[in-house]
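Presented below is the structure to which this report refers.
Computed from the coordinates by the stated procedures, all read-outs in this text should not be read as laboratory data. Being a predicted model, the structure only gives us computed values, none of them experimental. Here Cβ is always computed from backbone atoms with ideal geometry, including for glycine, and neighbour counts include all displayed protein chains.
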Amino acid sequence: MAKKFETPILVTKSAMPSLQHYMEYLQEIWNTRILTNNGPLHTRLEKKLEEYLKVPNVTMFTNGHLGLDCAIRALNLKGEVITTPFTFVSTTHAISMNGLKPVFCDIKMSDYTMDESKIEGLINENTCAIVPVHVYGHPCNVEKIQEIADKYHLAVIYDAAHAFGVEVDGKGIAEFGDLSMFSFHATKVFNTIEGGAVTYRNGEYKKQLNLLKNFGISGPEDIDIIGLNAKMNEFQAAMGLANLETIDEKILNRKQAYTTYLEKLAEVPGLRFVKLADNITQNYSYMPVLVEEDKFGKTRDQLFDALAEYNVFARKYFYPLISNTEAYADVDADVPVAQYVSDRILCLPLYGDMTVAEVMQICDIIREIQQK
Ligand code: T4K
């Protein structure tokens, strides 16, 4: 019989440095008394992230959502934006709150990212941009999307919230599109407590993004544009600097947990996993499994509820589809694949400190639920 966990296993667990190590960074803050507004730790982290993400420009934000909002704002867009409904609602809100109309494109069964073959059918004279999501850190078809964008003169802003450290053919995922947004939220592969960054190759965006996140202020007596307060503070930057020191180790550990899941669940009927191409360096940010009721014998929701009885708290990322929410009830969507996936997907627990023993126990539990 599979064993119930004594303490709850949640879908993720924040990566944290030792308290003592974090305190070393805090000591620097106490020395300078600079708590926010582009302080020394902030500057250091931005530089280190440019190296790690292999991109010439990184601008950090208080959270990923405001980063995405400012990335869209920086381009001064008007009209319709093609995006995916299979995401966290932040993506769609950032589009809508900029006065733009989201147009939902379906996703692919192979990796759940935007189906590039369906983009052109959604383009009209009002289309100004594409906002795809590297969902679960699975890279979109960046080449094809760029081809379409070039053909129709559209901007491409990637929601790369899940894609920290992901590479395609050795190139950082931040290389692609006009701008990309990474989330550094507590639940992400790399965290700064709350936080995020916008990355871009074209250095001309830097001035605008820095203005947008600091009330549009360019000097003590100059306010150039209308802006927000979306600055990352020094305590967040300190967490980022400390967490960045162990990021490769954490990703490696995630990989071990991820591959253990794949091996142990391979024979369970009705569970489908994504297989990415060999040219992709993954970050193993999520462990999505698609539950096919006809073969598994239970629905995704039944598995979700049964896991909770064993103290395992998976999450239905991403259900409901954004196009089915009250907030976007007025937006039409023809997205059958996204609907199919959203109704069946479940993210199993996965985090940087996860042990193989924990994964094996979860797999035993899943096998037991399937056979009951
Ligand atoms: N675009 C996409 C595609 C996104 O997924 C997100 C964020 C964004 C944009 C916006 O980025 P940010 O503005 O957030 O930087 C979580 C996160 O709050 C959210 O950041 C994330 N996506 C989304 C997918 O997941 P919830 O409501 O599921 O979080 P919560 O509080 O239920 O936490 C999940 C589990 O994580 C908990 O069961 C325990 C663990 N946890 C949570 C927190 C808050 C920790 O271990 N430590 C913590 O501090 O939204």
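Could you list Ile322, Ile193, Ile280 in order of exposure, starting from the residue whose Cβ has the fewest other Cβ atoms within 10 Å?
On the way: Ile322 26, Ile193 20, Ile280 16.
Exposure proxy ranking, most exposed first: Ile280, Ile193, Ile322.
Among Leu49, Ser342, Ile157, flag the residue with its Cα farthest along the positive direction of the charge dipole of the chain, charges on Cβ as +1 for Lys/Arg and -1 for Asp/Glu.
It is Leu49.
Using a 7 Å offset from the Cα along the Cα-to-Cβ direction at both Asp169 and Asp301, what is the distance between the two label points in nm, to one decimal?
So the two model labels end up 4.5 nm from each other.
Looking at Thr32, Val331, Gly227, which one has the Cα that reaches farthest to the positive end of the dipole of the chain (charges on Cβ: Lys, Arg +1; Asp, Glu -1)?
With unit charges placed on the Cβ atoms, the residue in question is Thr32.
With the convex hull built on the Cα atoms of the chain, state its orientation-averaged projected area in nm². Before the final figure, lay out the partial values.
Numbers: hull surface 76.8 nm².
Mean projected area for the chain: 19.2 nm², to one decimal.
For the pairs Lys48/Lys206; Lys255/Lys298; Lys101/Lys275; Lys3/Lys298; Lys118/Lys206, note any where the Cα-Cα span goes beyond 23 Å. Please report the intermediate quantities before stating the final value.
On the way: Lys48/Lys206 17 Å; Lys255/Lys298 28 Å; Lys101/Lys275 33 Å; Lys3/Lys298 20 Å; Lys118/Lys206 32 Å.
Checking Cα-Cα distances, Lys255/Lys298; Lys101/Lys275; Lys118/Lys206 exceed 23 Å.
Ordered by residue, what ³J(HN,Hα) values in Hz, to whole numbers, does segment 206-217 give under the Karplus form 6.51 cos²θ - 1.76 cosθ + 1.60, where θ = phi - 60° and Gly and Pro are x?
The phi angles translate into 4, 4, 5, 5, 5, 5, 4, 8, 10, 6, x, 7 Hz.
Residues of segment 40-75 with backbone nitrogen within less than 20 Å of a virtual label 7 Å along the Cα-to-Cβ line of Phe215, please, listed as ranges.
Counting only backbone N, you get 40, 60-63, 66-67, 70.
Residue by residue through segment 62-77, which ³J(HN,Hα) values in whole Hz follow from phi under the Karplus form 6.51 cos²θ - 1.76 cosθ + 1.60 (θ = phi - 60°), with glycine and proline marked x?
With coefficients 6.51, -1.76 and 1.60, one gets 5, 7, x, 4, 5, x, 5, 4, 6, 4, 5, 4, 4, 8, 6, 7 Hz.
For the chain, with only Lys/Arg (+1) and Asp/Glu (-1) charged at the beta-carbon, what is the dipole magnitude about the Cα centre, in debye rounded to 20? Spell out each step's value before the answer.
On the way: 36 positive and 49 negative charges, 122 e Å.
Roughly 580 debye, rounded to the nearest 20.
Using a simple spin-label model with points 7 Å from Cα along the Cα→Cβ vector, what separation in nm is obtained for Asn324 and Lys255?
3.6 nm
Positive end of the dipole of segment 279-361, charges at C-beta (+1 Lys, Arg; -1 Asp, Glu), about the Cα centre: which of Thr355, Val289, Tyr310 has its Cα farthest in that direction?
Farthest towards the positive pole: Thr355.
Go through segment 284-289 residue by residue and turn each phi into a ³J(HN,Hα) via Karplus (6.51, -1.76, 1.60, θ = phi - 60°); whole Hz please, and just put x for glycine and proline.
Karplus-based 3J(HN,Hα) across segment 284-289 equals 6, 6, 9, 10, x, 10 Hz.
Arrange the following residues from fewest to most other Cβ atoms within 10 Å of their Cβ: Val312, Val356, Val189, Val11. Intermediate results must be reported in sequence, preceding the final value.
Numbers: Val312 23, Val356 13, Val189 27, Val11 19.
Neighbour counts put them in this order, fewest first: Val356, Val11, Val312, Val189.
Given a Förster distance of 41 Å, report the FRET efficiency between Asn202 and Asn37 from their Cβ-Cβ distance, rounded to the nearest 0.05.
Details: r = 25 Å, r/R0 = 0.61.
After rounding to 0.05, the efficiency reads 0.95.
Multiply the residue gap between Glu120 and Phe273 by 0.36 nm, knock off their C-alpha separation, and tell me the result in nm, one decimal place. Each step should come with its number before you reach the end.
Values: separation 153, 0.36 × 153 = 55.08 nm, distance 2.82 nm.
Result: 52.3 nm gained on full extension.
Extension gain Asn76-Met97, at 0.36 nm per residue separation less the Cα-Cα distance, in nm?
Values: separation 21, 0.36 × 21 = 7.56 nm, distance 1.27 nm.
Contour length minus Cα-Cα distance gives 6.3 nm.
Need the full-extension length gain, Glu28 to Met109, defined as separation in residues times 0.36 nm minus the C-alpha distance. One decimal, nm. Each step should come with its number before you reach the end.
On the way: separation 81, 0.36 × 81 = 29.16 nm, distance 4.84 nm.
Length gained between Glu28 and Met109: 24.3 nm.
Given a Förster radius of 51 Å and the C-beta distance between Glu245 and Asp294 as r, what FRET efficiency does 1/(1 + (r/R0)^6) yield to the nearest 0.05?
0.60
How much of the DSSP beta bridge set in the chain is antiparallel, as a percent to the nearest 5?
On the way: 24 of 40 bridges.
If we restrict to bridges inside the chain, about 60 percent are antiparallel.
Neighbour counts of other C-beta atoms within 10 Å: give me Phe182, Phe215, Phe190 arranged from fewest to most.
On the way: Phe182 34, Phe215 16, Phe190 27.
Starting with the residue having the fewest Cβ neighbours, the order is Phe215, Phe190, Phe182.
Estimate the FRET efficiency between Gln20 and Val337 by the formula 1/(1 + (r/R0)^6), using the beta-carbon distance for r and 45 Å for R0, to the nearest 0.05. Display every interim value, and only then the final one.
Values: r = 48 Å, r/R0 = 1.08.
Efficiency, from the Cβ-Cβ distance: 0.40.
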